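See below for the structure under consideration.
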Amino acid sequence: MAEANGDVLYASGTEYVSHHLGFLTYGKVDGHWGFAHTPEEAAQMGFWAINVDTMLISMILGVLFMAFYYLVSRKVTSGVPGGVQNFVEMIVEFVIESVDGAFHAKNKFVAPLALTTFSWIFLMNAMDLVPVDWIPLFAQTVAGDSHLYFKAVPTTDINITLGFATAVFIMVIYYSLKVKGPLGFANDFLMHPFPKWYLAPLNLLLELPGFFAKPVSLALRLYGNMFAGEVIFLVIALLGWYQLPLHFAWAVFHILVITLQAYLFMMLTIVYLNQAHQVDH
Amino acid sequence: MNLNATVLGQSIAFALFAYFCMKVVWPPLVAVLEERRKKIIDGLEAAERAQLDLAAAQEKAGADKEIAKREAAEIVEQAKRRANQIVEEAKDQARAEGERMIAAANAEIEQQANRAKEALREQVATIAIAGAEKILQRSIDQAANEELLKSLAAEL
C-alpha cells in the first residue's frame, strides 16, 4: 500500500506511519475554527477540539450495531429463532452469563451496559482488520484532499477509550454513593485495608490511587493494545509485496486481540460496578 | 495523543447508547429468552407427566386384561355346560320320540292284521260255498245252505 502512494505522498516510511497516526482534528487555531493541518496545529487547539475521524467512525459503528439490535429486538420470537435472532441471542446470553458470574447485586442497567460496551468496542477494534489505507484513502477522496489526516480505528484514540472509561468511572461513583451512601463510600477509603481509625490516612493513601487507577488502566489497556497493533499493521504495510502473508498472519492473530480486549473491557466494567454495589467486603 | 473534547463526546454518546440499549433493545430480547426457557421447562414437565400417565395407563390396561381373561374363561365354561345340557335334552327327546313312533307302528301293524283276518274270513266263506256247490252239484237249495255255511264261517 505504501508503495502505491509512497512515491507521491510520503517522503519516507516514518512519514507514512506518523501520517497514519494523525487525527482529523477540528478546533480553534490562530483565532479561527477549522481542521488542523498538522499534528502541531492539533496540539495547539488544546482541549476544546474534537477528533472528527474517530468520533465519526465510532458513531457510525454505534448506530449500526444499535440499529441492528433494535431491528432484531422488534421481531424476536420465543419459538424457534432464525439465524439473525440466534446470533443476537448468542451474544446476549454470553453477556448475561458474564454479568451473572461477576455481578452479584441487582441492577437492571449493568447487563445492557455490558452488551453495549462489548459490541461497540468489538466493532471499533475490528476496524483494525480493514487494510490500513482503505478508509483514509476513501476519506481523502471524498474530501478531495490527498493529505487529509484520517484515523480509521477509534480505539487507537486515547480520547475514545478514555471516554468509555470516564463514563464507567462516573457510574462507579454514582452507584457507590447510591448503594453505600456518602459515609459508606468514604468508609471504603478510610477503613480499608486496615480497619483502625488512626490508620485512616494510611488507608486513604493506599486506596485513593487504586481507585483512580481503575479508569486510567481501563482506558490505557485498550488504547495501548490497539495502538500497538495498528502500528504493527502500518509497519507491515511498508514492506511491499511481503506485506501480504505478514498482514494476513497479524490480522488472524489480531482477531484474538480484538475480541479479548472487548471482552476484557466489558468484564472490568462489570467487576468495577460490582465493587460499587458491594456493601461489605 | 492529546486529550480533547472527544473524551466528553464519547462519554456522553456511550451513556446514551447504553441507556437506549437498556430501555429499548434489552427488554424484548431478555423477555424472549425467559419465555423460551419457560416453554422448555413446561415441555419437559409435560413430557414427564405424560410418561407417568403412560405407565399408569399401561398398568390399568394390564389389570383390565386379566379381568377380561377371567371373564372370558367363565363364559366359555358356562357355554360348555349349556351345550352339554342341550345335548342331553336332545338325546332324551329323541329317545321319547323313537319310543312313541315304535308304539304307533305296532298299533298300525295290529290294525292291519285284524283287517286281513276279517277279509280272510269272508273269502273262506265264499270258497267254502263254492267248494260245497261243486261237491254237491245237485240242486241243493242254495238259500237253505247259505245260512248254514255262514254260521260255519263265523265260527272260524
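The values are calculated or read from the model by the stated rules, or taken from the named source; none is laboratory data. Note that the structure is a prediction, hence the values are computed from the model and not measured. In this analysis, Cβ positions are derived from the backbone assuming ideal geometry, glycine residues included, and neighbour counts consider all displayed protein chains.
Of note:
- Residue satisfying all of: in the range A:207-221; loosely packed, with under 15 Cβ neighbours inside 10 Å and among the hydrophobic types (A, V, I, L, M, F, W, C); farthest from the other protein chains (Cβ to nearest Cβ) among these: A:LEU208
- Candidates B:LEU3, B:LEU8, B:LEU29, B:LEU33 - the one that is within 14 Å of chain A (Cβ to nearest Cβ) and either of a type in the set (Val, Ile, Thr) or not in a helix (DSSP H, G or I) (or both): B:LEU3
- Residue within the range A:57-74 that is within 9 Å of chain B (Cβ to nearest Cβ), of a type in the set (Lys, Arg) and closer than 29 Å to B:ALA15 by Cα present: yes
- The range A:51-63, residues that are crowded, with 22+ Cβ neighbours inside 10 Å and within 18 Å of A:PHE150 (Cα to Cα): A:ASN51, A:ASP53, A:THR54, A:MET55, A:ILE57, A:SER58
- Within the range A:201-215, one or more residues are basic (Lys, Arg), part of a helix (DSSP H, G or I) and over 30 Å from A:THR14 (Cβ atoms).
- Residue check for A:PHE164: touching a Phe, Trp or Tyr at 6+ places or on another chain (Cβ under 6 Å), within 14 Å of chain B (Cβ to nearest Cβ), closer than 28 Å to B:ILE12 by Cα and among the aromatic types (Phe, Trp, Tyr): yes
- Those residues of the range B:102-156 which are surrounded by 10 or more Cβ atoms within 10 Å (Cβ to Cβ) and of a type in the set (Lys, Arg), in sequence order: B:ARG115, B:LYS117, B:ARG121, B:LYS150
- Unique match (being buried (at least 17 other Cβ atoms within 10 Å of the Cβ), within 30 Å of A:LEU24 (Cβ to Cβ), of a type in the set (A, V, I, L, M, F, W, C) and at pLDDT below 90) among B:ALA5, B:ALA15: B:ALA5
- Residue match in the range A:28-35 (condition: of a type in the set (A, V, I, L, M, F, W, C), more than 16 Å from B:PHE14 (Cα to Cα) and touching a helix residue (DSSP H, G or I) at 6+ places or on another chain (Cβ under 6 Å)): yes
- Residue among B:LYS60, B:LYS23 that is over 30 Å from A:SER18 (Cβ atoms), within 14 Å of chain A (Cβ to nearest Cβ) and not β-branched (Val, Ile, Thr): B:LYS23
- Put simply, of A:TYR174, A:TYR198 the only residue that is part of a helix (DSSP H, G or I), within 12 Å of chain B (Cβ to nearest Cβ) and more than 17 Å from the chain's Cα centre (by Cα) is A:TYR174.
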